[in-house]
1. Please give the number of the condition LEU67 fails out of (1) assigned to a loop (DSSP other than H, G, I, E, B); (2) at pLDDT 85 or above; (3) aliphatic (A, V, I, L, M).
2. Here are some residues: THR91, THR87. Which one is over 30 Å from LEU356 (Cβ atoms), of a type in the set (S, T, N, Q) and touching a residue at least 60 places away in the same chain (Cβ under 8 Å)?
3. Hey, LYS317 hits all of (1) modelled with pLDDT of 95 or more; (2) open to solvent by 30 Å² or more (accessible area, probe 1.4 Å); (3) more than 22 Å from MET276 (Cβ to Cβ) but one; which does it fall short on?
4. So VAL355 passes all but one of these: (1) touching a residue at least 60 places away in the same chain (Cβ under 8 Å); (2) open to solvent by 50 Å² or more (accessible area, probe 1.4 Å). Which condition number does it fail?
5. With respect to the numbered conditions (1) over 21 Å from LEU109 (Cβ atoms); (2) open to solvent by 40 Å² or more (accessible area, probe 1.4 Å); (3) not hydrophobic (A, V, I, L, M, F, W, C), which one is the sole condition not fulfilled by ASN198?
6. Would you point out the residue of the stretch 124-157, among those that are touching a residue at least 12 places away in the same chain (Cβ under 8 Å) and of a type in the set (Asp, Glu), that is least open to solvent (accessible area, probe 1.4 Å)?
7. Out of the residues in the stretch 280-308 meeting the condition of being in contact with a Ser or Thr (Cβ under 8 Å, 6 or more places away or on another chain) and of a type in the set (Phe, Trp, Tyr), tell me which one is most open to solvent (accessible area, probe 1.4 Å).
8. Just a yes or no: is a residue in the stretch 41-58 loosely packed, with under 13 Cβ neighbours inside 10 Å, in a helix (DSSP H, G or I) and of a type outside the set (A, V, I, L, M)?
Amino acid sequence: MPVFSNAEENFDVRRHLSTATSYHIAKDISENSFVPSNIPDQCTPIHLNLVARHGTRAPTKKKLKELEALATRLEVLLENIREQKSTGIPTWLSGWKSPWTGKHKGGELISIGENELYELGIRTREKFPDLFKVDYHPDIYPIKATQVSRASASAVAFGMGLFSDRGNLGPGRHRAFAVTSESRASDIMLRFHDCCQNYKAFRKNQEPSVDKLKEPVLNEVSLLEWADDLEVFVLKGYGNSLNYRMGVPLLEDVIQSMEQAIKAKEDGLVPGSYEMARLRFAHAETLLPFSCLIGLFLDRPEFEQILREQPLELPLKPPQKRIWRGSLVAPFAGNNMLVLYSCPANNSSKYFVQVLHNESPTPLAGCGNSDFCPFEVFKERIAAPHLKHDYHALCSMETEQSTTSKFSQILSWFFPADSKQPRNAEL
């Protein structure tokens, strides 16, 4: 009996890596049939907020050790198969070694990730030329990153693309620009998950269940991807309201920047005399909660559930289609752009917000599934219900937080009450 079965010819495992998917792959697998709004010609962008995840990185130190253990385990398994004279061993598997063998440190931005952010910077300037036509100044284009090297390196790569041909440094005519960071111990804007004690307790309680969740699906790539997506949903997404409510400082910062831009416009300030873009580079634990705060990847009934603080149903199991896929919601270099438009001729609202997820216009369930939302509606309907919460009150260990996990429901699908759970799998 063969030890492996041939996959479909058009199957590409790179499309099924959940949040470990590279950006160019993620952009190609979008199943979104959404038709974006036709923005009136009289509407002009006056400000842009960017929240981006770092680009493709090397495996972390923990993953490097797991890959070495996997290589050792495979050697033993292949030797056993040869002794049994089994057939069907793929040629690539014989003698497989981790491509990271000999590497002792990990997690840094790699060349693929550098290009992802560099090219994103170029495309951003090309898409919004009016926002980036003035000379660079750190007060006009503040760039912030977490105090983690892959995030700050991503900010540098993006800035090199954004400001290319704008300076006098080298043949690429680059220019210097500032990237600022808060201390990891106090960065509640971009690393709120690291500073939130209640969230840390929640993660510590639930993470042991993740391994049990994945054990029964290791033989099916699509199911393993789904298991990864469930983990992301429960630990970083809509599975627990604390996951995203702890991101209120970031949401407050976004709203404040828009209000400042509106005031500058109302006061008649000229472009270049006020902030025109606020650019942030962080992690999946930043991008995912922020996406939830603005109600992405929801239908209207689900958005109403969020407002009522009711839990959402888990992402559907394959082969059923699901909106929540890690490869789409937070791939490497995944990003949300919130573009503020001035529409002086509009009778109902003078200012609108357009949301682009991974550079594509994205419907807002809280705004009638439109991607072009009146600022007042965005602020009052989408942001305000979350902004009533206080970060320190949410995250203080003295505050009672429900850590009831959906993992009990998930595990019940795999392990009926009368069955015996398998032991932890070894790599």
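The values are calculated or read from the model by the stated rules, or taken from the named source; none is laboratory data. Only a predicted model underlies this, so the values are computations on that prediction, with no experimental measurement involved. Counting neighbours? That spans all protein chains shown, and the Cβs are built from the backbone with ideal geometry, glycine included. The protein model used for the area step is the full one, side chains on, heavy atoms only, and it has no ligands, DNA or RNA in it. Shrake-Rupley method; radii C 1.70, N 1.55, O 1.52, S 1.80 Å.
1. Of (1) assigned to a loop (DSSP other than H, G, I, E, B); (2) at pLDDT 85 or above; (3) aliphatic (A, V, I, L, M), only one is false for LEU67: (1).
2. Values: THR91 fails: touching a residue at least 60 places away in the same chain (Cβ under 8 Å).
One residue alone meets the criteria, THR87.
3. Evaluating LYS317 over (1) modelled with pLDDT of 95 or more; (2) open to solvent by 30 Å² or more (accessible area, probe 1.4 Å); (3) more than 22 Å from MET276 (Cβ to Cβ) leaves (1) as the failure.
4. (2)
5. Looking at each condition in turn, ASN198 falls short on (2).
6. My answer is ASP130.
7. PHE297
8. no
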